[in-house]
Amino acid sequence: MLSLTILIITYNEEIHLDRCLQSAKSLTDDIVIIDSYSTDRTSEIASAHNCFFIQHQFTSHADQINWALENVKFGGEWIFRLDADEILTNELILEIKAKLPSLNQSITSAFLKRRVYFMGRWIKHGGYYPTWILRVWRRGHAVCEQRYMDEHMQILDGLTIKFKYDFIDNNLNDLHWWIDKHNKYATKETVAIFDERYQFTKFHLVTGKLFGTQLQRKRWIKENVYSRIPKFVRPFLYFVYRYFFRLGFLDGKEGLIWHFLQGFWYRFLIDAKTYQLEKDVQFDYDKLEKFVKDSQGSSA
């Protein structure tokens, strides 16, 4: 028997939620939704699917996830965190049902492969697939790292495994929404950079390791290679690497848009915001603190 609870964080997800829940219920009926006071039909859709639905004020994704882990009584032995714009492949559903109940007690978590679609096209190249993300863990054996941006689950003990099949990230919002979201993300990335520099928080983060997991390797490269390249030069080099050397051009016109915006424009915007903030706070630490507080007030 599959003892699994699916955890979903939502804010105004009526465009995605029904699709997500139909997919999730192929795996389990035990679904918990933590909502950030949505103003659309999110709660109505959750109710129609008989989900456990609770609202909590949003400060960050990490805080929202950890609040749920500390305050919600999960019924399943295992927890699967799923975003509202994600769905499960049939192959992954069958794999989880077959493997999860029989795993040794020493195994406390599982990495899954994320397959991203953009403008209806699978972004298969540019080093973007497969992306391995830890999404399934035994209850009580993981917390979310406290990070302003790009937060991941941290396993407290035990061993991890990898499942073979994919889950799909296919956001249906338009390009205007995507650009606005990444503008907010760039602000949070900038805060993270200054946090590492001035250490005004004591967040416990996943440690970067060259020969660790995919996440640890990416963190190590970002901290020890990318960050050492001059501002405004590194986004260009990163785009060239992804689009030409990692064959991003094979993803067609949608891939060109994706790799340029996500691999160049977004990284360039972070550099620009960092450069501006460095000028603003050089002699005024209060501006830095205000920038941090403003970024924490951003919605999901």
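The values are calculated or read from the model by the stated rules, or taken from the named source; none is laboratory data. Remember, it's a predicted structure, so these values are computed and weren't measured experimentally. With ideal geometry, Cβ positions are generated from the backbone for all residues, glycine too; neighbour counts draw on all protein chains shown. Protein only, heavy atoms only, side chains kept; ligands, DNA and RNA dropped before computing areas. Shrake-Rupley method; radii C 1.70, N 1.55, O 1.52, S 1.80 Å.
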Scan of region 20-58 for residues that are of a type in the set (Phe, Trp, Tyr), more than 16 Å from Ile6 (Cα to Cα) and open to solvent by less than 80 Å² (accessible area, probe 1.4 Å), ordered by number: Phe58
Taking Asp284 as meeting all but one of (1) over 27 Å from His176 (Cα atoms); (2) modelled with pLDDT of 85 or more; (3) not polar (S, T, N, Q), write down the number of the exception. (2)
Condition test on Arg267, is it under 20 Å from Arg121 (Cα atoms) and modelled with pLDDT of 95 or more? no
Can you tell me how many residues within region 1-36 are part of a loop (DSSP other than H, G, I, E, B), under 20 Å from the mean Cα position of the chain (by Cα) and within 21 Å of Trp67 (Cα to Cα)? 4
Which numbered condition Asp166 fails, given (1) surrounded by 14 or more Cβ atoms within 10 Å (Cβ to Cβ); (2) at pLDDT below 95; (3) not aliphatic (A, V, I, L, M): (2)
Just to verify a result, which residue in region 92-121, among those that are charged (D, E, K, R) and within 22 Å of the chain's Cα centre (by Cα), is farthest from Ala24 (Cα to Cα)? Arg121
Of residues in region 59-93 being of a type outside the set (A, V, I, L, M, F, W, C) and more than 28 Å from Ala192 (Cα to Cα), the one most open to solvent (accessible area, probe 1.4 Å): Lys73
Which pairs turn up if I take residues in region 166-188 that are at negative phi and look for partners that are open to solvent by 60 Å² or more (accessible area, probe 1.4 Å) with beta carbon separation below 6 Å, at least 6 apart in sequence or on another chain? Leu172/Ile15
Strands (runs of 3 or more DSSP E) within region 54-121 that include 2 or more residues in contact with a helix residue (DSSP H, G or I) (Cβ under 6 Å, 6 or more places away or on another chain): 86-88
Over region 124-148, the set of residues buried (at least 20 other Cβ atoms within 10 Å of the Cβ) and either outside any loop (DSSP other than H, G, I, E, B) or among the aliphatic types (A, V, I, L, M) (or both) is Leu134, Arg135, Val136, Trp137, Arg138, Ala142, Cys144
